[in-house]
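The structure appears below as structure tokens.
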Amino acid sequence: AQSVTQPDIHITVSEGASLELRCNYSYGATPYLFWYVQSPGQGLQLLLKYFSGDTLVQGIKGFEAEFKRSQSSFNLRKPSVHWSDAAEYFCAVGSQTGANNLFFGTGTRLTVIP
Amino acid sequence: GAVVSQHPSRVICKSGTSVKIECRSLDFQATTMFWYRQFPKKSLMLMATSNEGSKATYEQGVEKDKFLINHASLTLSTLTVTSAHPEDSSFYICSAREFGGGAAKNIQYFGAGTRLSVL
């Protein structure tokens, strides 16, 4: 069965500190992997995606993520967090074939303190 | 970049009335659109998959007569919450997948969401 686990419900970091948000997935086929960010009361914005090729992918706003097949993980990182990064972050997995729908993790809320 | 417009952003209605939410892909054609529901501090729950020109596919537990979906064109899908009740109050988000298939197109772009409050 497909599932996405984001083990950290809430993370607090200081502005300027590095950030890593964890994501583990369980998927029967070769997955597509995504990270989305949601500001309060807003929709989701795509940060980055992995389809194939280089397992380290770069996204917008200085974010990157690394696909590790052996660990079934797709962790999101940023070397220096800005106050504007405070938001909810969702990891999602989808199929490379067939069904188009995404399976989302429960999200990680990021708080940035000055 | 691909833009999805969702309208209205917020709606308050009386119990028993129906509410229509529109989802439009502004700069691309979307054969497939998705409707999600998000509960407070929870993840997104897929309600249904909407394919242009055909009936929507509903997820288990979602009442198709309650949540009517129409996808009449490649740029517009609508969700109508019929005879809304307070338990239908939620944040509804749509997304659209670009027409054309292939890996590069298999990305969902999301609307800004609709906050529905049923009194």
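Here are the numbers for this structure:
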read-out	value
Spin-label model distance (nm) - A:Arg109 vs A:Ser84, 7 Å beyond Cα toward Cβ	2.3 nm
A:Ile11-B:Leu68 FRET efficiency (beta carbon distance; Förster radius 41 Å; 0.05 resolution)	0.55
Two-decimal Rg to Rh for the protein assembly as shown - Kirkwood Rh, Cα set	0.97
List A:Thr106, B:Thr78, ordered by accessible area with a 1.4 Å probe, largest first	A:Thr106, B:Thr78
Cα gyration tensor of chain B - equivalent ellipsoid semi-axes, whole Å, descending	24, 14, 13
Shielding of B:37-44 by partner chains, average beta-carbon count, 10 Å	5
Cβ-based net charge around A:Gly16, under 14 Å, with every Lys or Arg adding one and every Asp or Glu removing one	-1
Charge dipole magnitude, Cβ of K and R +1, D and E -1 - the range B:1-67, Cα centre, debye nearest 20	340 debye
Partner lysines for B:Lys20 [C-alpha distance under 22 Å; skip if fewer than 8 residues away on the same chain]	B:Lys55, B:Lys64, B:Lys66
Alpha carbon Rg of chain A, scaled by the compact-globule rule 2.2 N^0.38 Å	1.02
Charge sum, other residues only, whose C-beta stays under 14 Å from B:Lys66's C-beta, Lys/Arg counted +1 and Asp/Glu -1	-2
Mean accessible surface per residue for the protein assembly as shown, computed with a 1.4 Å probe while every protein chain stays in place, in Å²	47 Å²
Cα→Cβ-extended label distance, 7 Å offset, between B:Gln29 and B:His85, nm	4.1 nm
Size of charge dipole - chain A - debye, nearest 20, with Cβ of Lys, Arg +1 and Asp, Glu -1, no other charges	180 debye
Carbon + sulfur, % of accessible area of the range A:25-98 - ligands and nucleic acids excluded, 1.4 Å	49 percent
Residue-count net charge about B:Thr75 - beta-carbon cut-off 15 Å; Lys, Arg +1, Asp, Glu -1	-2
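The values are calculated or read from the model by the stated rules, or taken from the named source; none is laboratory data. Only a predicted model underlies this, so the values are computations on that prediction, with no experimental measurement involved. Cβ coordinates were reconstructed from backbone atoms using ideal geometry, including for glycine residues, and neighbour counts include every protein chain displayed. Ligands, DNA and RNA are stripped out before the accessible areas are found, and what is left, the full protein with its side chains, is counted by its heavy atoms. Shrake-Rupley method; radii C 1.70, N 1.55, O 1.52, S 1.80 Å.
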